[in-house]
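Asks: Could you have a look at this structure, given as structure tokens, before my questions?
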Amino acid sequence: MKELYTEINKKLYYFTIIVVIAIMLMGLLVDNPYYSQDGVAFFLHGLFLTIFAISLLLYPRYTSHNSRLLIMITAFLYFYSLFFIYPDTWSNFIFLCLIPAISILFFDSKLFYFSLTLNSISISMTFIYIILVDKGAHYSYIQDDLVGNIINFLGSQAIIYFIFYISYGRLKKQQLYFQQIKQSERLKTTGQLAAAVAHEIRNPLTVVKGFLQFYEQSNETDEKLKKHFHLMVDELNTAEQVISQFLSIAKPTKEKELESVSVKQVLQSVTDLLHSYGLLHDNQIELRIVDDSYIAANNIEMKQLFINIIKNAIEASNIGDSVVVSASKMKEFVEINVKDYGQGMTEKEIESLGTPFYSLKSKGTGLGMMICFNIAENYKGKISFKSAKGEGTTVTVRFPSLI
Ligand code: ADP
Ligand code: MG
């Protein structure tokens, strides 16, 4: 709700409240029978009016559930006191029926149900008072047709309930829509930022690659060193391609090249790449491939997928624990399992995976799993999780296998 609370809304609120307070003051000051007769009744009316008006005026500064509750309680005090101070003014009964409608303006469902309940209790006590104590002396317009008045009261509460139900539902939908727009806006800016960063990284990469290729081909370079240069150029190529792929995810329109990807090769190269990353915290990556199989996908994207999953597994692991990566061929699909014995996740955390920017790490981006889900979906794959807090996680990736 806060985001919808703009300056314009604030101005409108104050304008409405000032009109309401002016009308209430008219009720107190214009042709009031107690003005010169009954000092106590006049004072009470003035007191409840002041409290109600102040709580309404202060609300925009303290927009909490408790301050809304305070407004509703003061509204109850104000309108019920009017009903008892001015028994001849039968239209006060209308206000009693309408009190819960005030809470609709705050879009606070708890407050609404509270007001509806409080009003039903208060009106029941009022009716009992009229029947047993007043006996129709001051409130003959209620006593004379008690059943009719009770039915009217119930009817008014039902109408208020329907108005609340419909408008609350609409507002909820609008709020959701607003959040979605905000999120897609955020994604768009991240995409643009990523594109800018990728562009900046690409240029130095090209320069470094150019020099490496030059030394690799130069006759003066030692043959042994040439092999290293070749490896370096290869890694730079991968880095370049990863950047391109990341950009292509930001712009999904670009067609991706389908190839027959060897699961064994992908996992081997990814685990080799992450080997030194694992060693930072003494984590070994154990690779157990039962049988090689092929899937129709894109090599680089498959690497990206498993880099993200295995990196997460390493990051969740305790010092010294291993991460086990295994692959096996089932009837029509390939199943790859990445198992860690680390911190694990709760059901709720698993549900949040893939939400952009969801990360529990201080330096996490919260984009890794989103990219994984995206890649898996592109190649008809499925990612599932089995995890227990404190015990570890098994991430299972399934793809339809070729042949
Ligand atoms: P990042 O790694 O940048 O935080 P990810 O999208 O890769 O973003 O992961 C999102 C979150 O999911 C992580 O911050 C982590 O809390 C949780 N997570 C992912 N994989 C695991 C795992 N194997 N064990 C425990 N938590 C995990
Ligand atoms: Mg990650």
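The values are calculated or read from the model by the stated rules, or taken from the named source; none is laboratory data. Owing to the predicted nature of the structure, the values given are computational and were not obtained by experimental measurement. Don't worry about glycine lacking a Cβ; one is built from the backbone with ideal geometry, like all the others, and counts go over all protein chains shown. Note: areas computed on protein heavy atoms with side chains; ligands, DNA, RNA excluded. Shrake-Rupley method; radii C 1.70, N 1.55, O 1.52, S 1.80 Å.
Asks: Which of the aspartates and glutamates could a cross-linker span from Lys339 if the Cα-Cα distance has to be under 14 Å and same-chain partners fewer than 8 positions apart are dropped?
Replies: Hits, sequence-local ones excluded: Glu286, Glu315, Asp321, Glu391.
Asks: Still on this structure, I have one more. Regarding the chain, what is the average projected area of its C-alpha convex hull, in nm²?
Replies: Convex hull of Cα atoms, orientation-averaged projection: 31.2 nm².
Asks: Among Val323, Val197, Val147, which one moves the most in a GNM of the chain with springs linking Cα atoms closer than 10 Å?
Replies: Taking springs between Cα atoms under 10 Å, the residue moving most is Val147.
Asks: Could you work out the relative contact order of the chain? I mean the mean sequence separation of Cα pairs under 8 Å and 6+ apart, divided by the number of residues, in percent. Please report the intermediate quantities before stating the final value.
Replies: Working: 440 pairs, mean separation 35.5, N = 403.
RCO, the chain: 9 percent.
Asks: Principal axis extents for region 259-400, Cα atoms only, whole Å, descending order, please.
Replies: Principal-axis extents of region 259-400 (Cα, largest first): 37, 30, 24 Å.
Asks: Along region 370-387, what does the Karplus equation 6.51 cos²θ - 1.76 cosθ + 1.60 (θ = phi - 60°) give for ³J(HN,Hα), rounded to whole Hz, x for Gly and Pro?
Replies: Each residue's phi maps through the Karplus curve to give 5, 5, 4, 4, 4, 5, 4, 4, 4, 10, 6, x, 9, 10, 10, 10, 10, 8 Hz.
Asks: Something else: Output ³J(HN,Hα) for region 320-332: one whole-Hz value per residue in order, computed from phi by the Karplus curve 6.51 cos²θ - 1.76 cosθ + 1.60 with θ = phi - 60°, and x for Gly and Pro.
Replies: Each residue's phi maps through the Karplus curve to give x, 6, 9, 10, 9, 10, 10, 9, 9, 9, 9, 4, 10 Hz.
Asks: Got a sec to turn the phi values of region 17-32 into Karplus ³J(HN,Hα) couplings, 6.51 cos²θ - 1.76 cosθ + 1.60 with θ = phi - 60°, whole Hz, x for Gly and Pro?
Replies: 5, 5, 4, 4, 5, 4, 5, 5, 5, 4, x, 7, 9, 8, 6, 7
Asks: Report the label-to-label distance for Asn219 and Asp134 in nanometres (one decimal), using points 7 Å from each Cα along the Cα→Cβ vector.
Replies: The answer from the label model is 11.5 nm.
Asks: Which angle between 0 and 90 degrees, to the nearest 10, do you get for helix 39-58 versus the longest principal axis of the chain when only C-alpha atoms count?
Replies: Rounded to the nearest ten degrees, it is 10.
Asks: How big is the gap, in Å, between the Cα center of region 77-123 and the Cα center of region 269-283?
Replies: So the two Cα centres are separated by 67 Å.
Asks: A further question follows. Ignoring ligands, DNA and RNA, what percent of the 1.4 Å accessible area of region 259-400 is carbon and sulfur?
Replies: The computed percentage sits at 50.
Asks: What pairs in Lys227/Lys303; Lys226/Lys303; Lys173/Lys386; Lys329/Lys361; Lys182/Lys361; Lys227/Lys361 have C-alpha atoms more than 29 Å from each other? Please list the in-between numbers first.
Replies: Details: Lys227/Lys303 23 Å; Lys226/Lys303 26 Å; Lys173/Lys386 33 Å; Lys329/Lys361 34 Å; Lys182/Lys361 23 Å; Lys227/Lys361 38 Å.
From the list (Lys227/Lys303; Lys226/Lys303; Lys173/Lys386; Lys329/Lys361; Lys182/Lys361; Lys227/Lys361), the Cα-Cα distance tops 29 Å for Lys173/Lys386; Lys329/Lys361; Lys227/Lys361.
Asks: By a straight-distance test (C-alpha under 20 Å), which aspartates and glutamates pair with Lys224 as possible cross-link partners, with residues fewer than eight away in the same chain excluded?
Replies: Here the aspartates and glutamates satisfying the reach criterion relative to Lys224 are Glu216, Asp234, Glu235.
Asks: For n ≥ 4 DSSP H runs only, could you compute -39500 (n - 2.57) per run for the chain, divide by its residues and tell me the 222 nm figure to the nearest 500?
Replies: Value at 222 nm, helices only: -22000 deg cm²/dmol.
Asks: Also, quick follow-up: Where Lys and Arg each count +1 and Asp and Glu each count -1, what net charge lies around Arg68 among other residues with Cβ under 10 Å from its Cβ?
Replies: 0
Asks: Rank-order 297-309, 43-55 by packing density, defined as the average count of other C-beta atoms within 10 Å over each peptide's residues, highest first.
Replies: Taking the mean over residues of other Cβ atoms within 10 Å, the ranking is 297-309, 43-55.
Asks: For a protection proxy built on the mean count of beta-carbon atoms within 10 angstrom, sort 109-122, 9-22 highest first, please. Before the final figure, lay out each step's value.
Replies: Details: 109-122: 16.4, 9-22: 12.4.
Top to bottom by mean Cβ count within 10 Å: 109-122, 9-22.
Asks: Of the accessible area of region 1-113, with the probe set at 1.4 angstrom, what percent is carbon plus sulfur?
Replies: Ligands and nucleic acids excluded, carbon and sulfur give 72 percent.
Asks: Quick one: accessible area per residue over the chain, 1.4 Å probe, rounded to a whole number of Å²?
Replies: 61 Å²
Asks: Set the Förster distance to 51 Å, then compute FRET efficiency between Ser359 and Ile54 from the Cβ-Cβ distance, nearest 0.05. Mind showing how you got there, number by number?
Replies: Working: r = 45 Å, r/R0 = 0.88.
My answer for the efficiency is 0.70.
Asks: Name the long-range amide H neighbours of His281: under 5 Å, sequence gap of 5 or more, or other chain; modelled H, no Pro or chain starts.
Replies: none
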